[in-house]
Amino acid sequence: MPVKLKLGSRRYDENSAVRTGRSFRSHLIPYAIIAVAVVFVLFAAIFTFFYFKYQRVVDDRLNNGPLFASTSQVYAAPREVRIGQKMSATFIAQELRRAGYNSNTELGTFNQSGDSITIKPGPQSYHSTDGATISTQDGQVTGIAAENGVALRAYELEPQLITGLSEDKNRTKRRLVTFSEIPQRMVQAVTAIEDRRFFEHSGVDYYSMAGWVWHDLRGDRRFFGGGSTLTMQLSRGLFLSPERQIKRKLIEVLITFNLEHRFTKQQIFEMYANQINLGQRGSFAINGFGEAAQAFFGKDLKQLDTAQCALLAGLVQSPNRLNPFRHPDRAMARRNLVLDSMVETGALTENEAARAKAEPLRLTSPSIDASEAPYFVDLVHDQIVQRLGDSDTAKGALRIYTSLDPELQQAASEAVAIGMANVDALVRKQHRGESPTNYPQVSLVALNPHTGQVLALVGGRNYGVSQLNHAAAKRPTGSIFKPFVYAAAYASAVDGGVMADGSNFTATSQLYDEPTTFTFDNGRQTYSPHNYREQYHGNVTAIYALAHSLNNATISLGQQVGFENIAALGRASGIVTAKGTPSVALGTYAATPLDMAGAYTVFANGGVHLDPWMLASIRNDRGDVVADFAPTAKQVLDPRAAFLTSSLMEGVMNFGYGVAVRQRGFTAPAAGKTGTSNDAWFAAYSSNLICIVWVGNDDYTDVKLSGAVAAAPIWAEFMNRAIKLPQYSDMRSFTSPSGVNVYRLDKNTNLIADDTCPNDYSAAFLDGTQPASTCSQMGSDQRGLFQKIFGIGESNPAQPQAVPFNGTIHSNPTAPTQVPNTPTASPNPTVAEPPKKKNFFQKLFGGGDKKKKPNQADPSEPQ
């Protein structure tokens with residue numbers, strides 16, 4: 001029986017299924033739309049919640065004071081322009097431009113016309129508003145005229161900015177700039193390498209961010225870039241921690257939207273330019289392109305050329321890895337990549353990029369000590385806090401005007417670097433191949449001897465390694481204190497005091513140099529000093545004793561003068577720890593190198609002590625005076641006594657242990673003193689500079705190097721550089737005050753030298769105390785037989801008057817000779833006694849002469 005198939009039934013089932021599917025989808029679409037809408041609303045709600053949440057974070061940051069701290073700016077001393085100085089109008093214009101003239105008319109303006117330049121300070125200038133016109137010719141200043149036409153001898157330019165105080169405990173430094181102060185090339189370089197669509201996008205590059213998320217999900221930590229636009233980098237730097245997580249990235253986006261909504265692109269770039277970290281210099285963090293321009297090129301940001309802008313832009317990727325001081329090849333390669341990127345964006349042509357690539361790095365000194373004087377700035381900061389009484393005041397927008405000479409600071413830093421390399425070599429030699437546990441530290445202080453102005457200061461060998469300021473650390477002064485013993489003796493002589501033998505103290509006075517035990521404190525205590533290497537010389541002249549730093553001879557003089565008198569002079573000169581014991585004569589009491597620089601102003605400045613000063617004035621950001629500071633001065637020594645002591649110290653330089661300076665090429669008139677205890681010192685001065693150098697170990701162990709070997713070469717290196725600067729090139733002979741004259745003496749007899757005694761030296765004497773005889777008449781006796789037998793009359797009654805020497809007080813510095821000394825011994829163990837007069841029978845029959853001890857020179861450096 002045939003079977004009938006109901007095909008229509010199957011067709012019905014298929015159609016029914018289709019209709020059912022369509023019906024389901026038609027019902028699903030609204031649900032899907034609703035679900036998407038719900039998700040969208042939910043996302044929008046969440047986004048809005050977090051957007052406003054982080055908007056409050058941004059508001060709190062922006063409303064809680066300035067975005068960046070306005071730190072105080074530290075300025076150098078104003079440069080003085082003098083007639084005859086080697087300086088061109090173009091150089092003066094550069095100095096004024098660096099100071100901010102023309103770009104900040106409130107500070108001042110200038111107009112250069114050929115070899116002439118007219119300067120007009122503004123209301124915010126450090127100086128008064130009196131301007132001047134400076135004329136130059138062939139690179140030399142030929143005339144200076146005030147605005148009213150009056151001729152001037154000198155004119156001071158606007159002080160240069162040294163650095164800013166660090167803004168926080170992390171030692172962050174930045175120099176704030178506005179967008180208008182950022183070179184167009186800097187903007188082009190940064191956007192070309194970091195964010196080419198910065199001025200077009202809304203703050204987020206979605207494709208790049210998606211790539212970052214993908215790599216982050218895969219755990220590929222090698223992928224660092226792509227997601228961060230300039231605004232996102234700013235968001236991260238200002239508001240977030242540096243950790244790399246998706247959550248933090250989303251927060252970064254929210255803050256980016258806030259910033260893009262609130263600020264223009266120019267404002268965002270300005271914030272970015274001030275915020276971005278560009279590495280370290282020493283112990284300071286470099287933040288912002290303004291600070292980086294100074295740190296790497298020693299220039300204002302506005303002065304950078306294309307290659308320099310490209311280098312800074314390249315540092316953003318990895319500041320430490322690309323640091324041009326440590327990795328110049330990497331930095332240059334990255335710079336050239338930035339230049340290529342600028343060609344791709346159309347900012348540069350191929351030829352312009354090629355010229356920029358051919359340019360060397362031209363970095364400034366890598367030493368922060370040389371350009372920013374950090375030890376000096378730390379002392380300035382401490383003084384501001386101390387004087388104004390509020391540490392927060394030091395962080396305000398103040399202009400701090402100081403005493404520093406940047407060129408001399410550079411010379412000091414370079415001299416220390418060279419000198420300490422030599423010291424390190426000597427230390428390694430001492431250890432004979434062993435690794436020494438540490439190398440010595442160093443300090444150098446340079447002062448104007450007539451104002452007390454601290455012109456340069458180095459407080460250690462590397463500020464980045466150690467911020468301990470050795471210029472302000474007290475150490476036993478050693479033999480650089482000895483001149484105060486001789487100064488006290490001269491002070492007594494000026495007042496009419498006499499030595500134990502009844503004579504006036506002079507350069508040729510005899511001092512006893514033999515092992516001696518001194519008593520003090522009413523006999524309750526004793527002191528038994530010794531000379532370096534236990535070498536003694538019997539009776540010696542004062543000038544010999546100081547030049548060769550003889551301990552026992554100096555203490556024997558101190559006993560006659562009075563140890564308390566010596567200590568009192570030391571305290572009046574700023575060495576406040578000095579006490580009236582025998583050891584004071586050898587510098588056992590401590591002082592800082594800065595204290596000793598001030599103490600030596602007494603000798604270099606006519607007996608007037610000047611407190612070293614660093615702060616001149618503090619102004620607010622409008623130029624109004626907050627505080628001015630005047631240096632303090634006090635007459636503590638008669639000008640004659642000061643000059644006479646100085647003349648003895650010239651002997652130290654020319655035929656004593658300071659001759660190491662002459663051997664290193666410094667030939668200008670100078671006076672000074674070596675010092676060696678556990679530390680090495682050298683303290684000396686010219687007519688326009690005092691310089692103190694200290695070398696020693698932080699743990700007070702013996703450096704085992706003398707002042708002549710370790711410290712004097714640094715002094716010579718510094719002074720050789722200083723004398724080449726125009727402002728210090730006129731080092732002159734010291735001028736004697738009224739009542740003092742300089743004479744040429746015969747080295748064998750210490751009498752006035754004449755043509756028959758060519759082997760001579762110079763020494764200063766208080767009028768009336770100079771030798772009365774000449775060397776050629778020594779031993780001549782014009783008395784008759786009866787006078788000789790009975791000792792009647794003067795042995796040399798007709799001797800001519802000594803004529804003062806009118807030349808320089810220093811001997812030939814290129815040919816140092818042994819200092820003169822009278823080789824007679826004294827039986828007195830405490831002080832030198834005068835020769836005893838012969839009685840009648842001794843005169844008649846002879847006798848009574850003691851055997852003379854031969855004169856010996858100590859070739860080694862004393863304590």
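The values are calculated or read from the model by the stated rules, or taken from the named source; none is laboratory data. Not measured: the values here are computed from a predicted model. Glycine also receives a Cβ, built like all others from the backbone with ideal geometry; neighbour counts cover every protein chain displayed. Please note that ligands, DNA and RNA were not included when accessible areas were found on the heavy atoms of the full protein model with its side chains. Shrake-Rupley method; radii C 1.70, N 1.55, O 1.52, S 1.80 Å.
One table, with the values for the structure above:
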item	result
Within the accessible area of the range 667-714 (1.4 Å probe), percent carbon and sulfur	54 percent
Net +/- balance of residues flanking Leu157 in space, Cβ distance below 9 Å, scoring K and R +1, D and E -1	-3
Net charge over other residues, Cβ less than 13 angstrom from the Cβ of Leu766 (K, R count +1; D, E count -1)	-2
Zero-based 10 Å bins, Cα pair distances in the range 70-178, whole percents	14, 44, 26, 12, 4, 0
Point-charge dipole on Cβ atoms (K/R +1, D/E -1) for the range 437-567, about Cα centre, debye to 20	580 debye
Amide H within-cut-off set for Gly108, under 5 Å, with H built and near neighbours excluded	Asn102, Gly122
Order of exposure, largest accessible area first, which applies to Val377, Val343 with probe 1.4 Å	Val343, Val377
Whole-percent carbon and sulfur share, accessible surface of the range 527-657, 1.4 Å	51 percent
Length added when fully stretched, Gln85-Asp340, from 0.36 nm per residue minus Cα-Cα	87.3 nm
1.4 Å probe accessible area per residue over the range 560-600, in Å²	28 Å²
Estimated dipole of the range 368-514 in Debye, rounded to 20 [Cβ of Lys and Arg +1, of Asp and Glu -1, Cα centre]	300 debye
Relative packing of peptides 277-284, 672-679 - highest average C-beta neighbours within 10 Å first	672-679, 277-284
Carbon and sulfur %, accessible surface of the range 407-478 computed with the full protein complex present, 1.4 Å	52 percent
List Arg619, Arg461, Arg355, Arg82, ordered by accessible area with a 1.4 Å probe, largest first	Arg355, Arg461, Arg82, Arg619
His450, His261, His537, ranked by accessible area, largest first (probe 1.4 Å)	His261, His450, His537
Pair-distance profile P(r), taking every C-alpha pair of the range 496-644, with 5 angstrom steps and integer %	2, 9, 14, 17, 19, 14, 9, 5, 3, 3, 3, 2, 1, 0
